[in-house]
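Heads up, the thing below is written out as structure tokens.
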Amino acid sequence: MKRVSLLLIFACLWTAGAHAKQPAKAPVKKTCDSEIVLKLSSATTSQGSLLLAEIAGAKPSQEFSAEWDGRLIPLWRENPASPTLHALLGVDLEKPPGRYEWKLSWSTADGKPLACSLPITVRAGKFPTEHLTVEKQFVQPDPEQQKRAEEDQKKMRAIYDTVTPEVLWKGKFVMPLKGVTTGGNFGRRRVLNGEARSPHAGVDFPAAAGTPVYAAQSGKVVLAENLYYSGNTVVIDHGFGIYTLYAHLSEINVHAGEPVETSAEIGKVGATGRVTGPHLHWGLTIDHARVNALQIVQRQP
Ligand SMILES: [Zn+2]
């Protein structure tokens with residue numbers, strides 16, 4: 001049943017198109033052979049966005065393999081007998097604008113290989129760029145800090161390389177702070193002393209230190225510790241390559257390995273890590289793609 005409820009969220013993606021500011025996006029479909037139909041919530045998207053993909057007419061006994069962004073992406077069914085497979089396609093924040101394909105391959109009952117694809121146009125996201133001049137010691141971590149940051153990065157990569165082949169979510173995604181409807185800074189590009197830095201991959205919510213932070217969705221805590229840049233950090237695995245991250249917490253209330261429910265308090269807003277003031281940094285990663293976390297909440301009914 002829990003899978004059905006997530007579908008409610010995504011059902012809205014089909015019709016809602018982009019949230020505010022962006023041009024309307026229409027769903028597309030393509031009949032591959034007499035039975036298999038590919039559907040996408042939109043054929044045009046932008047950097048840092050989410051797309052819902054569907055494969056209709058898929059016999060429960062048939063094995064499909066779907067590829068997006070050079071990776072095999074997980075597919076799920078609402079129930080084992082359902083003829084429809086679902087997938088979420090994340091368009092990474094830095095994916096170069098252009099025309100790409102969502103590719104599908106499968107075999108007929110007698111072993112004949114078949115393939116089909118749908119084109120996806122990725123447009124540049126509209127992200128602000130900040131030019132800053134600061135003293136060198138604020139830009140350049142010392143060798144020890146550098147080493148720590150690299151170890152953190154390795155740890156994060158290992159987490160995102162793991163795809164739990166299980167639906168750990170239940171129902172809708174919610175905002176990680178109470179009474180908040182939007183956040184900022186997603187995709188912001190910073191140029192420090194003339195040198196471009198990695199874009200800001202999360203959504204920032206300014207909030208007082210000590211404000212409770214809630215799990216946006218149920219899942220399993222896979223990281224709960226202090227990291228060099230993001231300070232006290234929690235990462236939750238929601239299954240099928242979907243992860244949310246909560247950073248700069250003043251305190252953490254959960255442990256790695258623990259299951260969490262939607263809206264469970266996981267910590268409090270703080271200013272730990274490399275920040276200038278208290279706020280919550282919230283990230284969403286789908287199969288390695290860094291996407292705007294607000295989209296998974298705002299596009300539901
Ligand atoms: Zn941030």
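The values are calculated or read from the model by the stated rules, or taken from the named source; none is laboratory data. Computed from a prediction, not measured in an experiment: that's the story for all the values here. So basically every Cβ, Gly included, is an ideal-geometry build from the backbone, and we count neighbours across all protein chains shown. These area figures cover heavy atoms from the full protein model, side chains too; ligands, DNA and RNA do not enter into them. Shrake-Rupley method; radii C 1.70, N 1.55, O 1.52, S 1.80 Å.
For region 207-219, does any single residue satisfy the condition of being free of Cβ contacts under 8 Å to residues at least 60 places away in the same chain, within 13 Å of the ligand (Cβ to nearest atom), within 16 Å of the chain's Cα centre (by Cα) and part of a loop (DSSP other than H, G, I, E, B)? No, there is no match, as no residue in region 207-219 is free of Cβ contacts under 8 Å to residues at least 60 places away in the same chain, within 13 Å of the ligand (Cβ to nearest atom), within 16 Å of the chain's Cα centre (by Cα) and part of a loop (DSSP other than H, G, I, E, B).
Considered as a group, the residues in region 192-229 that are polar (S, T, N, Q) and modelled with pLDDT under 95 include one that is farthest from Val291 (Cα to Cα), and that residue is Asn193.
Could you tell me whether any residue of region 120-128 is among the polar types (S, T, N, Q), more than 30 Å from Glu35 (Cα to Cα) and more than 16 Å from the ligand (Cβ to nearest atom)?
no
Give Ala271, Ala256, Ala264 a once-over and let me know the one that is within 16 Å of the ligand (Cβ to nearest atom) and open to solvent by 20 Å² or more (accessible area, probe 1.4 Å). Outline the logic, then answer.
On the way: Ala256 fails: within 16 Å of the ligand (Cβ to nearest atom); Ala264 fails: within 16 Å of the ligand (Cβ to nearest atom).
Within the list Ala271, Ala256, Ala264, the selection yields Ala271.
Filter region 262-276 down to residues that are in a loop (DSSP other than H, G, I, E, B) and touching a residue at least 60 places away in the same chain (Cβ under 8 Å), then give me how many there are.
First, pick out the residues of region 262-276 that are in a loop (DSSP other than H, G, I, E, B): 262-264, 269, 271-276.
Checking the rest, the ones that are also touching a residue at least 60 places away in the same chain (Cβ under 8 Å) come to 262-263, 269, 271.
The total comes to 4.
Taken together, the residues in region 43-65 that are under 27 Å from Gly171 (Cβ atoms) and surrounded by fewer than 21 Cβ atoms within 10 Å (Cβ to Cβ) amount to 4.
What's the total number of residues in region 274-301 that are among the polar types (S, T, N, Q), surrounded by fewer than 24 Cβ atoms within 10 Å (Cβ to Cβ) and more than 12 Å from the ligand (Cβ to nearest atom)? The total comes to 4. For Arg157, the conditions (1) open to solvent by 90 Å² or more (accessible area, probe 1.4 Å); (2) more than 17 Å from the chain's Cα centre (by Cα); (3) free of Cβ contacts under 8 Å to residues at least 24 places away in the same chain all hold with the exception of (2). Within region 90-118, the set of residues being modelled with pLDDT of 95 or more, open to solvent by 40 Å² or more (accessible area, probe 1.4 Å) and not acidic (Asp, Glu) comprises Pro96, Pro97, Arg99, Tyr100, Lys103.
Can you find even one residue in region 120-137 that is touching a Phe, Trp or Tyr at 6+ places or on another chain (Cβ under 6 Å) and under 17 Å from Ile55 (Cβ atoms)? Checked against the condition, which is being touching a Phe, Trp or Tyr at 6+ places or on another chain (Cβ under 6 Å) and under 17 Å from Ile55 (Cβ atoms), region 120-137 yields at least one hit.
Residues in region 172-192 that are away from the ligand (no atom under 13 Å from the Cβ) and under 26 Å from Ile266 (Cα atoms): Lys172, Phe173, Val174, Met175, Leu177, Lys178, Gly179, Val180, Thr181, Thr182. For region 193-206, the candidate set comprises residues that are part of a loop (DSSP other than H, G, I, E, B) and surrounded by 18 or more Cβ atoms within 10 Å (Cβ to Cβ); within that set, the residue that is farthest from the ligand (Cβ to nearest atom) is Pro199. Going through (1) in a strand (DSSP E or B); (2) more than 17 Å from the chain's Cα centre (by Cα) one by one, Val254 falls short only on (1). Number of residues in region 220-242 that are open to solvent by less than 10 Å² (accessible area, probe 1.4 Å), within 16 Å of the ligand (Cβ to nearest atom) and of a type outside the set (A, V, I, L, M, F, W, C): the value is 2. Could you tell me whether region 66-77 includes any residue that is touching a residue at least 24 places away in the same chain (Cβ under 8 Å), of a type in the set (A, V, I, L, M, F, W, C) and touching a His at 6+ places or on another chain (Cβ under 6 Å)? Checking region 66-77: at least one residue is touching a residue at least 24 places away in the same chain (Cβ under 8 Å), of a type in the set (A, V, I, L, M, F, W, C) and touching a His at 6+ places or on another chain (Cβ under 6 Å).
Report yes if some residue within region 7-16 is loosely packed, with under 14 Cβ neighbours inside 10 Å and modelled with pLDDT under 95; otherwise report no. Within region 7-16 (the criterion being loosely packed, with under 14 Cβ neighbours inside 10 Å and modelled with pLDDT under 95), the answer is yes, since at least one residue qualifies.
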